[in-house]
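Take a look at the following structure, please.
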Amino acid sequence: MQITLNGERYELDEPITVAGLLARLEIDPRRVAVEHNLTIIKRHAYPEVVIGDGDTLEIVNFVGGG
Amino acid sequence: MIDTPFVIAGRTFTSRLIVGTGKYSSYAVMAQAHEASGAEMVTVAVRRVNISDRSKESLLDYIDTKRMFILPNTAGCYTADEAIRTARLAREAGLSNWIKLEVIGDERTLFPDNEALIEATKVLVKEGFVVLPYTNDDPIACRKLEDAGAAAVMPLGAPIGSGLGIQNINNLRIIREFARVPLIVDAGVGTASDAALAMELGADGVLMNTAIAGAEKPVAMAQAMKHAVIAGRLAYLAGRIPKRMYANASSPVEGMVGR
């Protein structure tokens, strides 16, 4: 299956939870925000929300800015 | 002299200088500059996580979040919707409901789109955000933002990153008279005297990034800015003398030897 992750195509073998994907990408969940199909996912819901084929995901964090 | 505290939306800051986290040569230099500036609030941007390269250091490792309050921005957003979406993500990623709201209207000038800015302010205030909008040095726009529920108004001194200094002194004076929320001059500062001038005009605070990060010696400039903001504030409170065309001797004119 395929998802759109931060604007790029990303391959997954099977549906995965947001928490699972963050772990796989080695991203600390405490420092990011996740938008799943245009809906912001609360941090406590990461283990429950499942990402399926064709879904769009945005994972953002803080970077230097003015 | 005892100053009134610098309070935004019920939160008190000791320093009236707010600094950015962008454009530094390294995070280590940034951390030193932050320390030297004495600032208690830093701005950050919200961007996609780099998925392919996870080796990069995290900005937050170099910010002492116990001492520094983090103010995320919506820099780079060109519509109200984009800015609102970014603000919501920032709230989720961060530790607060504060947002430095930017809705840019033009790529070359980075001037704000006031109409979209006011619209986004209204929406975010309703959602419980503490909105600090970056705006034009326009007293009417500032008044509308205040009416829309902005927690402060942040007019530019000059275009972002230009280092031109305060371009419209008179407008800032008028905004000072109008504003019932904190007035923070945001953008355009090039050197310490610009920051001092903003404070002398009665600004409650100054926000800057490039002036420090882009200086040859950012840590020294951060220190200069710290002093400039303090000096400008004191000068404002002290009440400057009126300007006059001709001289007015400081020493007595009577008692001159041999006259």
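Read-outs throughout are calculated quantities, based only on the coordinates presented, and are distinct from any laboratory measurement. Every value quoted in this text rests on a predicted model; they were computed, and no experiment measured them. Backbone-built Cβ (ideal geometry, glycine too); neighbour counts: all protein chains shown.
Explain nothing, just the number: dipole magnitude of region A:2-60 about its Cα centre with +1 on each Lys and Arg Cβ and -1 on each Asp and Glu Cβ, in debye rounded to the nearest 20. All intermediate terms of the calculation are to be shown ahead of the outcome.
Details: 6 positive and 11 negative charges, 73 e Å.
For region A:2-60, the charge dipole is close to 340 debye.
Here's a follow-up. For labels at A:His44 and B:Glu107 in the simple 7 Å Cα→Cβ model, what's the distance in nm?
According to this spin-label approximation, the distance is 4.4 nm.
So, one more: Determine which lysines satisfy two conditions relative to B:Lys56: a Cα distance under 19 Å, and not lying fewer than 8 residues away in the same chain.
B:Lys23
Mind ordering B:215-223, A:55-63 by average Cβ neighbours within 10 Å, highest first? Don't skip to the end; give the middle numbers.
Numbers: B:215-223: 17.2, A:55-63: 20.0.
Those peptides, ordered most packed to least, come out A:55-63, B:215-223.
Here's another thing I want to ask about it. Count the DSSP beta bridges whose two residues both fall in chain B, then state the antiparallel fraction as a percent rounded to the nearest 5.
Numbers: 4 of 24 bridges.
Beta bridges within chain B, antiparallel portion: roughly 15 percent.
Relative to the longest principal Cα axis of chain B, at what angle does helix B:80-93 sit, 0 to 90 degrees, rounded to 10?
80 degrees
Another question, if that's okay. Using the charge dipole of region B:86-161 (Lys, Arg: +1 at Cβ; Asp, Glu: -1 at Cβ; taken about the Cα centre), state which of B:Leu110, B:Pro159, B:Leu132 has its Cα farthest towards the positive end.
B:Leu132
Got a sec? How would B:Glu200, B:Glu35 order by Cβ neighbour count within 10 Å, fewest to most?
On the way: B:Glu200 21, B:Glu35 15.
The order, fewest Cβ neighbours first, is B:Glu35, B:Glu200.
A follow-up question, please. By counting other Cβ atoms within 10 Å of each Cβ, how are B:Met208, B:Met41 ranked from fewest to most?
Working: B:Met208 31, B:Met41 23.
Listing B:Met208, B:Met41 from fewest to most nearby Cβ atoms yields B:Met41, B:Met208.
Select from B:Tyr27, B:Tyr246, B:Tyr78 the residue whose mean-square fluctuation is largest in a Gaussian network model of chain B (Cα-Cα springs shorter than 10 Å).
Of B:Tyr27, B:Tyr246, B:Tyr78, the Gaussian network model singles out B:Tyr246 as fluctuating most.
Under 16 Å Cα to Cα from B:Lys217, which aspartates and glutamates show up? Leave out anything in the same chain fewer than 8 places away.
B:Glu35
Further question on the same structure: Restricting attention to chain A, which trypsin sites (Lys or Arg not before Pro) occupy a DSSP loop and are surrounded by at most 15 other Cβ atoms within 10 Å?
Details: sites: A:Arg9, A:Arg24, A:Arg30, A:Arg31, A:Lys42, A:Arg43; in loops: A:Lys42.
Listed in order of number, the matching sites are A:Lys42.
Continuing with this model, one more query. For region B:60-149, what does the relative contact order come out to in percent, with C-alpha contacts under 8 Å and a separation of six or more? Before the final figure, lay out the partial values.
Numbers: 132 pairs, mean separation 22.7, N = 90.
Reported as a whole number, the value is 25 percent.
How many partner chain Cβ atoms sit within 10 Å of a residue's Cβ in peptide B:89-96, on average, as a whole number? List each step's numbers first, then the result.
Values: counts 9, 3, 2, 9, 11, 4, 0, 0.
Across the residues of B:89-96, the mean count of other-chain Cβ atoms within 10 Å is 5.
Between B:Arg48, B:Arg233, B:Arg85, find the one with the highest GNM mean-square fluctuation for chain B; connect C-alpha pairs within less than 10 Å.
The residue with the greatest mean-square fluctuation here is B:Arg48.
Peptide A:51-61: average number of partner chain Cβ atoms within 10 Å per residue? Provide the component values of the computation, followed by the final result.
Working: counts 0, 0, 0, 0, 0, 0, 0, 4, 6, 11, 13.
Going residue by residue through A:51-61 and averaging, the value is 3.
In addition: Please give the calculated 222 nm ellipticity per residue for chain B, where each DSSP H segment of at least 4 residues contributes -39500 (n - 2.57) and the sum is spread over every residue; nearest 500 deg cm²/dmol?
Values: 8 runs with 91 residues, N = 259.
Per the formula, -10500 deg cm²/dmol.
Show me the GluC sites (Glu not before Pro) within region B:104-139 that DSSP assigns to loop and that have at most 15 other Cβ atoms within 10 Å of their Cβ. Intermediate results must be reported in sequence, preceding the final value.
Numbers: sites: B:Glu107, B:Glu115, B:Glu119, B:Glu127; in loops: B:Glu107, B:Glu127.
Counting only loop positions with at most 15 other Cβ atoms within 10 Å, the GluC sites (Glu not before Pro) in region B:104-139 are B:Glu107, B:Glu127.
For each of B:Ser250, B:Ser162, B:Ser25, count neighbouring Cβ atoms within 10 Å of the residue's Cβ, then give the residues from fewest to most.
In increasing order of surrounding Cβ atoms, one gets B:Ser250, B:Ser25, B:Ser162.
Excluding residues fewer than 8 places away in the same chain, name every one of the lysines whose C-alpha is closer than 30 Å to that of B:Lys122.
B:Lys122 reaches A:Lys42, B:Lys100, B:Lys144.
Next up: Can you give the average number of partner chain beta-carbon atoms within 10 Å of each beta-carbon in peptide A:1-8, as a whole number?
Details: counts 0, 0, 0, 0, 3, 6, 2, 3.
Taking all residues of A:1-8 together, the mean is 2.
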